[in-house]
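Shown next, in structure tokens, is the structure this report addresses.
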Amino acid sequence: MPHTLARQTDARLGRIVRLLIAHATVVVSGTKIADEIGTSRSEVWRLVQQLRKLGVDIAGHPSTGYSLKSMPDLLLPDMLAPQLHGTIFAKHLHHYYKIGSTNTAAMEAASAGAPEGSVFLAEEQTAGRGRGANQWHSERSSGIYCSVLLRPALPPSDVLVITLAAGLAVHSAVQEIDSRVRPDLKWPNDVLIEGKKFCGILTEMHAEITRVRYVVIGIGLNVNQSSFPADLQPTATSLRLATGTEWSRVELCTALLKSLDREYRALLESAQATSSILRRFQERSSSVRGQQVQVEETPGLEGVTDGLDERGFLQVRTAQGVRTVLSGTVRLR
Ligand code: BTN
């Protein structure tokens, strides 16, 4: 579904959920909700029905009032924004129940002038895009499908470092929630657990020769999937499959955006940030050094990885000498 046809989630849904959370354990009358969000009682009933369709467990009806039976794990702006206060991501959160691709939505919004820090989140993508024309499996409300819009005053050559920083942000967010999980970064922007991928990052940009106009970083995280289609089973995993427990997408998404905010600000403000990102990426990647690899799109480019250069490109020691991998999929052998 193209972005232009996808409707953003009605912001009043998030406000109702927040109101019910604030009054947990009591029944809130339809009149009170209607007054708080500035609508009629019958409209509140209609919105409550919509929330139920989204999987939110709300008891009650117009004559008795409503109460929340359990905390919903939906990536609604009202659930995320209070915890993102003070970050660049707090103010322009867009949520879709179903969309083609959050990256497409973010790129379209960027070209129409959307501000830096805009975030596009979806419960489900019908045309989720991966790198190299791959699709991204985007099952409803199981994963995090998130694209952020940045407008860094940097040359296009620095964008690789931003995407490496996004991988680091995923790594820290996961470890912040469960320090037993050991994510492994695979250059340039996959994140694995025990050799299987649970996160992919698709960075797209619009740039002039010397200056970036905007960058969209699309992050797909497999969180609570309990299985994958047969073709993905050998290579894909989710945090739930890896740990045996259900994860809160709201908690993880908040931790991710906060961590990305820290990395990005440091990159803009400190001259040492790039070397810190490169050092930490190499520390958190088992394959960036000493690993036999083959670059899929470049026949003959194979050898042993030898770290990252000062711009973040992968170095591979081949029979013909050290070569720099500028793009492509690195296959571990
Ligand atoms: C890859 O590993 O190939 C990158 C996958 C990126 C998937 C995310 S999900 C959110 C955003 N929207 C998209 O269509 N793609 C990215």
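Bear in mind these aren't lab numbers, they're just calculated from the coordinates by the rules spelled out. Note that the coordinates shown come from a computational prediction; the quantities given were computed from them, not determined experimentally. Methodologically, a virtual Cβ is constructed for each residue, glycine included, from the backbone with ideal geometry; neighbour enumeration extends over all protein chains shown.
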Exercise for the section: Determine, for 313, 89, the number of other Cβ atoms within 10 Å of each Cβ, and report the residues in order from fewest to most. Expected result: 313, 89
Exercise for the section: In debye, nearest 20, what is the charge dipole magnitude of the stretch 191-255 about its Cα centre with +1 on Lys and Arg Cβ and -1 on Asp and Glu Cβ, if you could check? Expected result: 100 debye
Practice task
Towards the positive end of the charge dipole of the stretch 189-308, with charges on Cβ (+1 Lys, Arg; -1 Asp, Glu), say which of 267, 226, 195 has the farthest Cα.
Solution key: 267
Exercise for the section: Once you've got the Cα coordinates, tell me which of 69/196; 53/186; 69/186; 32/91; 69/258 are over 32 Å apart. Expected result: 69/196; 53/186; 69/186
Completion exercise
Along the stretch 232-238, Karplus-curve 3J(HN,Hα) (6.51, -1.76, 1.60; θ = phi - 60°) to the nearest Hz, with x for Gly and Pro, reads 8, 3, x, 10, 10, 9, 10
Exercise for the section: Note down the magnitude of the dipole of the stretch 59-218 about its Cα centre, charges +1 on Lys and Arg C-beta and -1 on Asp and Glu C-beta and zero elsewhere, to the nearest 20 debye. Expected result: 100 debye
Fill in the blank from the handout: From fewest to most C-beta neighbours within 10 Å, the residues 205, 107 line up as 205, 107
Problem - Max mean-square fluctuation residue, GNM over the chain, Cα-Cα springs under 10 Å, options 322, 215, 293 - result: 322
Fill in the blank from the handout: Spelling it out for residue 212: with amide H atoms placed in the peptide plane at 1.01 Å from N, the residues 5 or more places away or on another chain with amide H under 5 Å from its amide H are 154
Problem - Estimated 222 nm signal from helices in the chain, with DSSP H stretches of n ≥ 4 weighted -39500 (n - 2.57), rounded to 500 - result: -9500 deg cm²/dmol
Problem - Fewest-first sequence of 163, 203, 102, 126 by Cβ atoms within 10 Å of each Cβ - result: 126, 163, 203, 102
Practice task
Work out the length of the dipole vector of the chain about its Cα centre, built from +1 on the beta-carbon of each Lys and Arg and -1 on the beta-carbon of each Asp and Glu, and round it to the nearest 20 debye.
Solution key: 280 debye
Practice task
Pick out which of 200, 113, 167 has the largest mean-square fluctuation in a Gaussian network model of the chain, springs linking Cα atoms closer than 10 Å.
Solution key: 113
Exercise for the section: Have a look at 40, 157, 119 and report the one farthest towards the positive end of the charge dipole of the chain, computed about the Cα centre with Cβ charges (Lys/Arg +1, Asp/Glu -1). Expected result: 40
